[in-house]
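Structure record follows, encoded as C-alpha cells.
The values are calculated or read from the model by the stated rules, or taken from the named source; none is laboratory data. In this text, all values refer to a predicted model and were calculated from it rather than measured experimentally. Quick reminder, even Gly has a Cβ in these numbers, built from the backbone with ideal geometry, and neighbours come from all protein chains shown. Calculation scope for accessible area: heavy atoms of the full protein, side chains included, ligands and nucleic acids excluded. Shrake-Rupley method; radii C 1.70, N 1.55, O 1.52, S 1.80 Å.
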Amino acid sequence: MIRIHIPGFCDSDFGGPRWGDAQIIDDGVNFEVIDGYCGAGTTHLIKALKDRSIKSPYLYITHAHYDHRYGVRQIINDSYFKPKALYCQDPSTITAYNSDIKSDLDALKTIIREAKERKIPVHYLGDGDKIVHGEIKFTVYRDFP
C-alpha cells in the first residue's frame, strides 16, 4: 500500500507563512521525498523523517525555487541521512533569463555538487521519464523548459 505524508504546514492551512512544498511517499520499503520546504517547514520535514527512522530516501527537486530545494539540501548535508539518489532537472536545460533564475540555477548546481561529493547518485529527469521504486510508480511531466 502506498502512503503519502505531508509534513509541515502552509498558509492555506493556518493563515501563516508558506514554507513551500514537501511530500513523503512510501510503500513500506521505499521512501520518496519530493521537494523539501524551507524555513520551519524543513524542520518539520526532517523531524518527520527522523521520527519514522527514514535514513535512505530517494530525493526529488521538482524545480529549483528555494522553497522546494532548501530542505533537500539539508537532508543531503545531514550525516543522519544516506539518500539513495537525487532526482532533479538537468541544470544545462535551464535558461537563466534573469538574476533570480540564475541564482536558483546556481543553487541547484551546488546541491548537485554536494550530492556527488557524498556519493549520492544524481539522475536528471525529463518529460515522460518513468520512476519505479517497488510499488511507487510515476511518470514525470515537465511542460516548461
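Numbers below:
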item	result
Matching residues in the range 61-89 - criterion: being more than 22 Å from Lys50 (Cβ to Cβ) and open to solvent by 60 Å² or more (accessible area, probe 1.4 Å)	His65, Tyr66
Members of the range 90-112 that are assigned to a helix (DSSP H, G or I) and open to solvent by 60 Å² or more (accessible area, probe 1.4 Å)	Ser92, Thr93, Ser99, Asp100, Lys102, Ser103, Asp106, Lys109
Residue satisfying all of: in the range 121-145; assigned to a strand (DSSP E or B), open to solvent by less than 60 Å² (accessible area, probe 1.4 Å) and of a type in the set (A, V, I, L, M); nearest to Cys38 (Cα to Cα) among these	Val122
Check on Pro7, at negative phi, at pLDDT 90 or above and in a loop (DSSP other than H, G, I, E, B)	no
Qualifying residue in the range 75-92 (condition: at pLDDT 95 or above and β-branched (Val, Ile, Thr))	yes
Filter result for Arg69 (farther than 21 Å from Val132 by Cα, in contact with a helix residue (DSSP H, G or I) (Cβ under 7 Å, 6 or more places away or on another chain), at pLDDT 90 or above and of a type in the set (Lys, Arg))	yes
Hey, Lys47 open to solvent by 40 Å² or more (accessible area, probe 1.4 Å), in contact with a helix residue (DSSP H, G or I) (Cβ under 9 Å, 6 or more places away or on another chain) and either without any contact (Cβ under 8 Å) to a residue 60 or more places away in the chain or on the phi > 0 side of the Ramachandran plot (or both) or not	no
Residue within the range 19-40 that is at pLDDT 90 or above, open to solvent by 30 Å² or more (accessible area, probe 1.4 Å), of a type in the set (S, T, N, Q) and assigned to a loop (DSSP other than H, G, I, E, B) present	no
Test: residue in the range 48-65 that is assigned to a helix (DSSP H, G or I) and hydroxyl-bearing (Ser, Thr, Tyr)	no
Evaluation of Arg118 against (1) touching a strand residue (DSSP E or B) at 6+ places or on another chain (Cβ under 7 Å); (2) in contact (Cβ under 8 Å) with a residue 40 or more places away in the chain; (3) of a type outside the set (A, V, I, L, M); (4) surrounded by fewer than 18 Cβ atoms within 10 Å (Cβ to Cβ) (one fails), failing number	(1)
